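These notes are about the structure you will find just below.
The values are calculated or read from the model by the stated rules, or taken from the named source; none is laboratory data. None of these values were measured; they are calculated from a predicted model. Here the Cβ is made from the backbone with ideal geometry for all residues, glycine too, and neighbour counts use every protein chain on show.
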Amino acid sequence: MTRTVALLVQIFIALFIAGYATALDVGSAVITKCEKPGVFGLTFDDGTYLSCLLAILREKDVKATFFVLGIQASNVSLGKFLKQAYEEGHQIASHTNTHRSLNTLTPEQIKEEMIATETSVKRIIGAAPAYMRPPYGDCNPACQAVMNEMNMRIITWNVDSNDWQYVTGNQEKLVLNVKSQLKTGNPQSDSWISLQHDIHRFSIEKTSTIIDFIRSSGYRFETIADCLNNKWPMYKDGVPNNVASHPSANEPNSTVTVAANIGSVKIPSISLAALGIIWSLVTVV
C-alpha cells in the first residue's frame, strides 16, 4: 500500500508541475486567435475616428477591442470617445505609446513605451490595459520577455484587412481580404482575431459590411478577453472586466484561480482532484 501511495504521489507531482508551469505562462506567447470556435474578435489599432466607429458598433450591437496609442489617448477629444468606448463595454488595450518597432528597442525603452500608454489610458478610463498589440505585429523573444515581466497578453491577428494598403487604391479590397480569409474556415472549429485601423475613415465605413458578412458566416463577436475565455483580466490592478462586454460572469469553468505575485494563475482541477485522492489514501494508511 505504501508503494502505491508513493507512486500516486509521484504522479500527482508530475501533474501539478505540468499544470503549474502552464499556469505560470502568463502570456509571453503571441496569441493570434480566439480560443472558442465560432467567435470573431473585431479589433482596431491606433485610435482616431472613434466617434464614427462607436456609432456603427452600437447600431450592430458588437463589442470590439481597441489597441490605442498613448500619444493618441492623450488627445483630449479622443480621450472623451475612449472613455465612451470603455463605458459601452468595448475592451481598451495598448498599442504602445509612439508606434515604434519593439524589436529595435532595449528592454527599458520597451517598458517606457508601455508605461506611458498605461498612464494615459488609466487617466481616462481609470484602468490600465493588461492586453497589448505590438506595432507591426513584431515582438521577438526579448520583447516577449518584457511583456511577460509586465504581465501583459500579446495579441496579433489571423485576419488582416490590409486596409493601410488602400488609402489611395481600391478600398473595396479590404472587405474582400476579410471575406477570402474567412471562407477558409468553419465556425464549428475556427476562430478569428482581425486587424483594422481606425485612423482610416474608409476602413471604418466598411466595418458595417464586414460585420454583416462575418455574422452571415456563422460567427459571433466578442472582445479579446472574452474570446480567450477570460483567462486573464482585461485590466491590471484588480480592475474588473467591463460588465457590458460579456453576457455572464458566472459561467462554470474547470479551473481554480490562485493569487500569486505574478497575477492570477490557474491550477488545473485535475491536479487538485489528484491531491484529494492521494490525501484520502494517506489518511487510510
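Observations on the model:
- Condition met for D212 (modelled with pLDDT of 85 or more, out of contact with any His (no Cβ under 7 Å at 6 or more places or on another chain), among the acidic types (D, E) and closer than 24 Å to G89 by Cα): yes
- The residues of the range 99-110 that are farther than 18 Å from T156 by Cα and crowded, with 17+ Cβ neighbours inside 10 Å amount to a single one, L105.
- Entirely in the range 23-105, the strands (runs of 3 or more DSSP E) that have 1 or more residues that are of a type in the set (D, E), modelled with pLDDT under 95 and touching a Phe, Trp or Tyr at 6+ places or on another chain (Cβ under 9 Å): 43-46
- Restricting the range 120-170 to residues that are part of a helix (DSSP H, G or I) and polar (S, T, N, Q), the residue that is surrounded by the most Cβ atoms within 10 Å (Cβ to Cβ): S120
- Unique residue being among the small types (G, A, S), under 30 Å from K231 (Cβ atoms) and not in a loop (DSSP other than H, G, I, E, B) when the list is S194, S208, S189: S194
- When the range 213-236 is limited to residues that are without any contact (Cβ under 8 Å) to a residue 40 or more places away in the chain and not in a loop (DSSP other than H, G, I, E, B), the one that is farthest from S120 (Cα to Cα) turns out to be S216.
- Screening T96 against (1) closer than 18 Å to T207 by Cα; (2) surrounded by 17 or more Cβ atoms within 10 Å (Cβ to Cβ); (3) not aliphatic (A, V, I, L, M) leaves a single unmet condition, (1).
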